[in-house]
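Derivation of every value follows stated rules applied to the coordinates shown; laboratory data play no part. Just so it is clear, the model here is predicted, and its values are computed rather than measured. Here Cβ is always computed from backbone atoms with ideal geometry, including for glycine, and neighbour counts include all displayed protein chains.
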């Protein structure tokens, strides 16, 4: 075996001294080791996305938005279909529209109360609908029915957008 291929004790001591000299020349400090990378903060959101972003369980919030968008789309479709019924519409007042929405939520979503999970949900949706429908509790004329259909479809679209925004 060749003795020149193995570092001797003198060579190891010289390497250690050279490392110590470099350490002190560098100011006596070792470079800081990189710390753990923090999880990035979620992007700020607004509108309905902000309401649902309050839930730390983003998967649940996303699912809730999907269900609510589907529900609003369904209510709009039911109103539109009811307005074309052969024997005339069954839903004739804004109170009946509200009953349709409530019953649809109870039956299709098994009574889940989103206001409990999202305290700002009720006020946000009420404001959204008020902006589109006003405050009147009027009879459902064909023009008023069309406004209701458009409002529920617009709400469904906004909830779908909020879901996409929440997923960013």
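Mean projection of the Cα convex hull over all viewing directions, computed for segment 47-166: 7.0 nm². Between residue 102 and residue 54, 0.36 nm times their residue separation minus their Cα-Cα distance comes to what? Value of the extension gain: 14.9 nm. Footprinting exposure proxy ranking of 128, 48, fewest other C-beta atoms within 10 angstrom first, gives 128, 48.
Were the residues from residue 92 through residue 80 laid out at 0.36 nm apart, the gain over their Cα-Cα distance would be 3.1 nm.
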